[in-house]
Every structure is written in C-alpha cells, then in structure tokens.
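**Student:** Right, I'll just put the structure down here and ask away after.
No value in this document is a laboratory result; all are computed from the given coordinates. Please read all numbers here as calculations on a predicted model, not as lab measurements. All Cβ positions, even for glycine, are placed from backbone atoms using ideal geometry, and neighbour counts span all protein chains on display.
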Amino acid sequence: MSRYKPPESNDSPDLTPMIDVVFLLIVFFMVVAQRMSEQYVTLPSLAIAANAQVVEQPPPRTIISVSEDPIAGYRYYWGEQEIDESAITDAVKRNSDWAVLLRATPEITQATIDDILQLIAAGGQSKVIFAVFEVQQ
C-alpha cells in the first residue's frame, strides 16, 4: 500500500506586491519631504533690543481702574484718584479724544464691566483697552 503524497507546490508568499507598496511609500515620503522643505521662508533679522528705538511716544490714555474691596464693595479710580461710579462718564468726557484703558481685578464680574462700558460710551468714547491686574501670590 502506498502512502499519500501531497502534490508539490511553491507555498512561499509572493513578495512582489509588498515590495511595490514599500517602494511607492518611500517615493511618496521623499516627495513630501522635498515639498515641506520648500515651504519655509527666511525671515529678515529682527531688531536687537540694544539697537531698537521707540519711534513715537504712546498716545495718552484715560485710565479707569476697578477693584473689589470686601468691605466697601467696588472701588473706581481715575488714574490714581478714587472716584464714584457716576463720575466715570465725566472723567472720560474731559479727554474725549483719548482712548480709555480699563483695568480690573480678576474678581470683577462681566455685568460690572458691562455697566462701566456703558458709562464710558455715555462719555463719548468707543476705544477701550482692557487689562487685568496681575494676581499677587
């Protein structure tokens, strides 16, 4: 009785498609790398701080500051002088061509800021610069 012999075949995988895909990926990444290096633009050198000069003085500003005191509530300042909330409009009207710098502590609510902005607008100013006091730790 003879034993069963399977037919001889070549069971090794065909690597040609895989080599083609790897080759295409290498070509793709080489082209992309070439395009990426062409996108960079050389910027002109910036001024060095020792050589830099301020061309003009910053324009004058009306400074309105708002802080919150746990006992007295909101406190308003025009420059360094404490004023009432109702005096904000008059302070802005004194120099109506100056922009307003509105400084506030982080605790001030948006509703309070909106009220102050309405008072500044009533004084005839629409240019407002916002700033927040730095929190001391």
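**Student:** Using θ = phi - 60° and the Karplus relation 6.51 cos²θ - 1.76 cosθ + 1.60, list the HN-Hα couplings for the stretch 22-31 in order, rounded to whole Hz, with x at every Gly or Pro.
**Tutor:** In residue order, the calculated couplings are 4, 4, 5, 5, 4, 5, 4, 5, 5, 5 Hz.
**Student:** Same structure, new question: Can you list residues from other chains, or at least 5 along the same chain, whose modelled amide H is less than 5 Å from the amide H of L101?
**Tutor:** Here T62, I63, I64, I129 satisfy the definition.
**Student:** Whole-Hz Karplus ³J(HN,Hα) for the stretch 117-134, in order, using 6.51 cos²θ - 1.76 cosθ + 1.60 and θ = phi - 60°, x for Gly and Pro?
**Tutor:** My calculation for the stretch 117-134 gives 4, 5, 5, 5, 5, 5, x, x, 10, 10, 8, 10, 10, 9, 8, 10, 4, 6 Hz in order.
**Student:** Using a simple spin-label model with points 7 Å from Cα along the Cα→Cβ vector, what separation in nm is obtained for S96 and F130?
**Tutor:** For the pair S96/F130, the computed spacing is 2.7 nm.
**Student:** Now for a separate question. Under 5 Å between amide H atoms, partner at least 5 residues away or on a different chain: which partners does Y74 have, H built in plane at 1.01 Å?
**Tutor:** Those lying under 5 Å, H to H, from Y74 are D69.
**Student:** Taking the Cβ of K127 as the center, what net charge do the other residues with Cβ under 11 Å away carry, scoring Lys and Arg +1 and Asp and Glu -1?
**Tutor:** On the way: positive: R61; negative: D97.
Computed value for this residue: 0.
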